[in-house]
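A short write-up of the structure that comes next.
The values are calculated or read from the model by the stated rules, or taken from the named source; none is laboratory data. Quick caveat: nothing in here was measured; it's all calculated off a predicted structure. Using ideal geometry, Cβ is built from the backbone for each residue, glycine included, and neighbour counts are taken over all protein chains shown.
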Amino acid sequence: MGLRPTVASFRCVGFAWIRSRKLLTFAKAVGMVCWMSDRPLKPGGRYRIKHTTRTAFAKVDHLRYRFNVNTMHRDEEAVGLDLNEIGRVGLRLSAPLLADEYRRNRATGSFILIEESTNDTVGAGMILGGSED
């Protein structure tokens, strides 16, 4: 006989009902981003982040490395991401996100970055976890 979760094991946080022990909130997040804009991603860049149905502001704190898909190596000397490049970035968020790591849940572990001035989608990403200051 399998155990079914009771209502007491869930709680409402903002817009979602979640299991109490599964709550992950990120005011700073680490993610892998595929850059989709002609204008390069630079640390310090400001964007809107769209995660599930929520939108907040995000600032790129740092680019830890750019991943070279041809050689499968990390370029830790990279200073930005150009069109179709993939990199690990740290993001500072204006509002905490209720999220999962992408490996646990694709729907709540993914996000897009939107250019504020043009409203264009400039990046798509996967949440790897919280801050790595």
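For this structure, a couple of remarks:
- Residues being more than 11 Å from the chain's Cα centre (by Cα), closer than 16 Å to LEU41 by Cβ and surrounded by 15 or more Cβ atoms within 10 Å (Cβ to Cβ) - total across the stretch 81-102: 4
- Counted residues, the stretch 103-131 - those being within 11 Å of the chain's Cα centre (by Cα) and of a type outside the set (S, T, N, Q): 12
- Scanning the stretch 59-80 for residues that are under 15 Å from PRO40 (Cβ atoms) and β-branched (Val, Ile, Thr) yields VAL60, VAL79.
- Taking the stretch 1-67 and the strands (runs of 3 or more DSSP E) fully enclosed by it, the elements with 2 or more residues that are surrounded by 12 or more Cβ atoms within 10 Å (Cβ to Cβ) and at pLDDT 95 or above are at 25-35, 46-51.
- Applying a threshold of 6 Å to beta carbon distances and a minimum spacing of six or more residues, or different chains, the list of pairs starting in the stretch 94-107 at a residue that is within 11 Å of LEU128 (Cα to Cα) and ending at one that is modelled with pLDDT of 90 or more and aliphatic (A, V, I, L, M) reads ALA99/ILE127; GLU101/ILE127; TYR102/MET126; TYR102/ILE127.
- The set of residues in the stretch 107-133 being in a loop (DSSP other than H, G, I, E, B) and at pLDDT 90 or above consists of GLY109, GLU115, GLU116, SER117, THR118, ASN119, ASP120.
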